[in-house]
Amino acid sequence: MANQLDPPDPFRISHLAQLVQNSGQWRPLKEALLARQSGGIDGAWGSSAALAVAALAGTVAATVLVVVPNLTDVAPWAEDLTTFHGVRPQVFPAFETWPVVEKAGRLTGETGQRLRVLQGQSPPPAGGALILAPMAAVMQPVPPREDLSRRGRKLVAGQTLDPDEFAKWLHGAGYKRVDAVEAAGEFGKRGGIVDFFPPDLTDPVRLEFFGDDLESIRVFTVVSQRSLEKKAELLVLAIDSSADGRPPTGSSWGFVLDYFPPDTVVALVEPNDLKEQGKYFLDRVADPTGLFTVHGAFAQLLHRRTVTVSALPRPSVEATAHLRVESVERFSGDVKRVRDELDAIARTDRVLIACQSEAEVLRLTEVLKAGQLAESDRLRIALGHVRAGFRLVAGEGEAPAEPKIRNPGSAGASPSQERMSIVVIGSHQLFHKELTTAAGVKTGPAAGGRKIESRAIDSFLDLNDGDFVVHIAHGIARFRGMRMLEKGKQTDLKMPGEEDDRTEAAEEEFLMLEFRDAVFLYVPATRIDLVQRYVGGGKSDPSLSKLGGTSWGRKKGQVAEAVMDAAADMIRIQAVRAGLPGHPFPPDSDWQTEFEAAFPYQETPDQVTAIAEMKGDLERPKPMDRLLCGDVGYGKTEVAIRAVFKAIDNGKQVAVLVPTTVLAEQHYRTFKERLAEYPF
């Protein structure tokens, strides 16, 4: 936050919150909060609600817990708060299922994140913290604060500690012994070193002993084993008391605010929606035992100073900040018309456009630099995330919170210019793009079905009974579905359809694979990496492999030889290409910039990287030699079409080769649509 004595710059996104704080509408709420009373904010919706919360966090020097209605609200709210507040909020997540189901004996990611947030409140962070949580998360209980400390164990570098005794304690506290620590809840011991992965840390910890003396406590990375941080002391949490919200027998339930400082302020975003979503969450869980009711959760939240945030005015006797926020007109999405549309809606306004990358800032600056808005110095394009644009209307009769701006050639600024409204908008809204968050979640208006930054699903999820698969060690088999089996006893099996009286508590999920002669192999779901879908190109079905036979090994050997031959050919070809001159293309033209700005989606980080590297290849005096890999729907075509445009824009012809006629027709339509406005 900028120095309060300096006038805030309205063209810096991080200063917008200070402008709100300095406005006359904010004054009643500010006085109430400083008097340690509750209050409200109305007129705030979309991204302007996040701006109001950022202003709230800047007003109180205390921790602010922001409760939003839906799980899907968390990602866009986190990005907006980061933009307006300047610091990314911590997220207190909800468990995906209730009761909590740990996968394959490992802790869920939500467990660790929830514990990290709770532990981070003791001692209270200086100046407070910004915490974001969905309604479902605050309805889910947490381990009692006293129980975590009582059942945990404090370590201090230099203390006397028997490593064998500590390893036994880890096992008794719910940690699983493994050879190499990779996931939360695991530990391992070798010689004078004990590694363990506490549930409340993002990386494992290594204890180094000299005899019974604990010499060092270090946090290290799983992949490289490199030390990240040296700690003087550490509280090691027990897994059995922190794996989920359920307390040990005889203990009481805990509420999230039990861990927060007494002066914490709770921001309730659209209270009516919070209550509705809370009821919906209770209706859809398998067993609501242990969950707080909506009434119970609100009763706990209202014990602290609260600020309601809503779009419409609410009947209240508390001090309220009435923000003057208006919606922004919808843009055409046409690159050539957006500049004129911006000039039309902002004749007396300032416009701040938030872009998600430096490349987009530069590209949009080039597109809009010739507009009246840019020439009058009332346009700023900056890095940031604004999911839903808005106009922040200047208050009538108020002294301007920002310095005057004079139009070129004018002798002075009129009173209306001194109190200019500010239009804040995301670049995706100009061109009807999809907006992605840091987590890869779409937050903008849908403009197509392209996947963005999603993880490829495990292959067995879209397999059907009878589909051919390949086991990396045993060969070709048929997938025969999933089956729950008792751990360690998958050799004593009943055939499909027979009853199974094993208890659920000791069961694990397995893939059933049928090999030749009706021999079945059961693969744990945790080792799905050993099984892949069969993608052979033949028209007839493949022959099943014989489990334990040698033919599969011979086939793999033959393939390995063929791969080596192909690799040798590629190396020879590459050596020849390296000695040939290439055509160096010039930097991007104005047409290229406009063409890319018209892309109807927000580029993913991988696309941005691939496009930059592809252009670097084209602009070097060497033959281009690049392989672009990506799953279906990940945006490879857009990377290719930008390379095509660059080549054609510089007088070259381009041939696009595809494997099938259907794909050729699809690409023809895509290229024709994207290049329609250019004389190619």
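Throughout, read-outs are computed from the coordinates displayed, never taken from laboratory work. The shown structure was predicted, so the numbers you read here are calculated from the model rather than taken from an experiment. A quick note on method: Cβ atoms are made from the backbone with ideal geometry, for glycine too, and the neighbour counts reach across all protein chains shown.
Please compute the contact order of the stretch 135-269 in relative form: average sequence separation of alpha-carbon pairs under 8 Å and at least six residues apart, divided by the residue count, as a percent. Present the calculation step by step, with values, prior to reporting the outcome.
On the way: 244 pairs, mean separation 42.5, N = 135.
Over the stretch 135-269, the number comes to 31 percent.
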Inset, instruction - Restricting things to alpha carbons, tell me how big the stretch 267-331 is in terms of Rg and Dmax, in Å. - result: 15.7, 49
Legend entry - the stretch 54-207: relative contact order in percent, alpha carbon pairs under 8 Å with at least 6 residues between: 24 percent
Legend entry - Space enclosed by the convex hull of the alpha-carbon atoms of the stretch 544-671, per residue, Å³: 170 Å³
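If you take the beta carbon distance between Thr289 and Met484 as r and set R0 to 35 Å, what does 1/(1 + (r/R0)^6) give as a FRET efficiency, to the nearest 0.05?
Numbers: r = 23 Å, r/R0 = 0.67.
FRET efficiency, Thr289 to Met484: 0.90.
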Legend entry - In the stretch 574-680, the trypsin sites (Lys or Arg not before Pro) that fall in loop regions by DSSP, at most 16 other Cβ within 10 Å: Arg626, Lys652
Inset, instruction - Sort out for me the Cα centre separation of the stretch 531-588 from the stretch 48-86, rounded to whole Å. - result: 51 Å
Inset, instruction - Please express the Cα-Cα pair-distance distribution P(r) of the stretch 517-606 as a list of whole percents, one per 5 Å bin, running from 0 to the bin with the greatest distance. - result: 2, 8, 8, 11, 12, 9, 10, 11, 11, 8, 6, 4, 1, 0
Legend entry - Karplus-derived HN-Hα couplings along the stretch 381-391 (A = 6.51, B = -1.76, C = 1.60, θ = phi - 60°), whole Hz, x at Gly and Pro: 10, 9, 6, x, 10, 10, 6, 9, x, 7, 10
Inset, instruction - Identify the trypsin sites (Lys or Arg not before Pro) of the stretch 251-294 meeting these criteria: DSSP loop state and at most 10 other C-beta atoms within 10 Å of the C-beta. - result: none
Legend entry - Whether the stretch 559-621 is rounded, prolate or oblate, judged on the alpha carbon gyration tensor where a/c under 1.5 counts as rounded: oblate
Legend entry - Sites Ser316 and Arg347 - FRET efficiency at Förster radius 51 Å, r taken between beta-carbons, to 0.05: 0.90
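Can you give the Rg/Rh ratio of the stretch 128-229, where Rg is from the C-alpha atoms and Rh is the Kirkwood radius?
Details: Rg = 15.6 Å, Rh = 15.2 Å.
A ratio of 1.03.
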Inset, instruction - Just grab the label-to-label distance for Leu383 and Ala359, each label 7 Å out from Cα along the Cβ direction, in nm (one decimal). - result: 1.5 nm
Inset, instruction - Can you pull the one-decimal nm distance between simple spin-label points at Asp263 and Asp340, each 7 Å off the Cα toward Cβ? - result: 5.6 nm
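Please give the contour-minus-distance gain from Glu509 to Lys672: 0.36 nm per residue of separation, less the Cα-Cα distance, rounded to one decimal in nm.
On the way: separation 163, 0.36 × 163 = 58.68 nm, distance 4.87 nm.
Full extension of this stretch gives 53.8 nm more.
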Legend entry - Potential lengthening between Ala575 and Glu146 on full extension [0.36 nm per residue; Cα-Cα distance subtracted]: 147.7 nm
Legend entry - Pairs beyond 32 Å (Cα-Cα), from Lys168/Lys231; Lys176/Lys546; Lys176/Lys231; Lys189/Lys556; Lys546/Lys636; Lys176/Lys230: Lys176/Lys546; Lys189/Lys556; Lys546/Lys636
Inset, instruction - Would you mind checking the radius of gyration and Dmax of the stretch 588-657 based on alpha-carbon positions, in Å? - result: 12.0, 32
Inset, instruction - Would you mind working out the magnitude of the charge dipole of the stretch 248-385 relative to its Cα centre, with +1 at each Lys and Arg C-beta and -1 at each Asp and Glu C-beta, to the nearest 20 Debye? - result: 160 debye
Legend entry - 3J(HN,Hα) from dihedral phi, the stretch 257-264, Karplus parametrisation 6.51/-1.76/1.60, rounded to Hz, x for glycine, proline: 6, 4, 8, 8, x, x, 8, 4
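Provide the FRET efficiency to the nearest 0.05 for the Asn464-Val656 pair, computing r from the beta carbons and using R0 = 30 Å.
Working: r = 34 Å, r/R0 = 1.13.
FRET efficiency, Asn464 to Val656: 0.30.
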Legend entry - For Val68, distant residues with modelled amide H under 5 Å away: Ala133, Met135
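On full extension of the chain, what length is gained from Gln532 through Asp617, given 0.36 nm per residue of separation minus the C-alpha to C-alpha distance? Each step should come with its number before you reach the end.
Details: separation 85, 0.36 × 85 = 30.60 nm, distance 3.41 nm.
Here the segment from Gln532 to Asp617 would lengthen by 27.2 nm.
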Inset, instruction - Evaluate the distance, in nm, between pseudo-label points positioned 7 Å from the Cα of Ser216 and of Asp590 along their respective Cα→Cβ axes. - result: 6.0 nm
